[in-house]
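To start, the structure under review is shown below, and the notes come after it.
Readers should treat all values here as calculations from the given coordinates under stated rules, not as data from a laboratory. Not measured: the values here are computed from a predicted model. Cβ sites come from the backbone with ideal geometry, for glycine too, and all protein chains shown count toward neighbours.
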Amino acid sequence: MAKPAWKASNIRKGLDGVTGIIYGRSASESIKADICVRCGKPAVEFTDEISRVEFGISGLCQKCQDFVFAPPPEEEDDGSLSAPDIGVYDDFDDRFDMEG
C-alpha cells in the first residue's frame, strides 16, 4: 500500500476534487489502494524509483505517467505563418515597460 506524498490540505483537497470530477476517484484514495487514478488499474510496477515517487504525488501508474508526461508529437510544418513569424511581438518591449 503506497502512501500519498505530503501536500498542504488545500492542495490535497483540490487535487482530490479535480481527480474525482475527471476520473471518478480521488487521487489520495487511489494511491492508498495502489490503483491508478486515471485508468483504475493496479499501480505496483514502476520502471524506477522516480516513477514510484511520482505515483505518490499524482496517483498515476507507469503506463499513464508515460502517456501524460510524454513529449508532444512533432508537428509538421504546413508552411503557414504563426504570430511570432509575422512580427506580432516585435514591439513588445516598446509597448510594455519590462525594465521597471
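Here are a few things to note about the model shown:
- Of all residues making up the range 17-46, the number that are touching a helix residue (DSSP H, G or I) at 6+ places or on another chain (Cβ under 6 Å) and either more than 16 Å from residue 3 (Cα to Cα) or of a type in the set (D, E, K, R) (or both): 3
- Cβ-Cβ distances below 6 Å connect the following pairs, each with a first residue in the range 7-28 that is more than 17 Å from residue 55 (Cβ to Cβ), a second residue that is surrounded by 12 or more Cβ atoms within 10 Å (Cβ to Cβ) and of a type outside the set (Val, Ile, Thr), and a separation of six or more residues or different chains: 20/26.
- Restricting the range 1-50 to residues that are part of a loop (DSSP other than H, G, I, E, B) and of a type in the set (D, E, K, R), the residue that is surrounded by the most Cβ atoms within 10 Å (Cβ to Cβ) is 38.
- Residues (surrounded by 14 or more Cβ atoms within 10 Å (Cβ to Cβ) and not in a helix (DSSP H, G or I)) located in the range 56-74: 59, 60, 61
- For the criterion of being surrounded by 10 or more Cβ atoms within 10 Å (Cβ to Cβ), out of contact with any Gly (no Cβ under 8 Å at 6 or more places or on another chain) and either over 20 Å from residue 66 (Cβ atoms) or not aromatic (Phe, Trp, Tyr) (or both), residue 53 passes.
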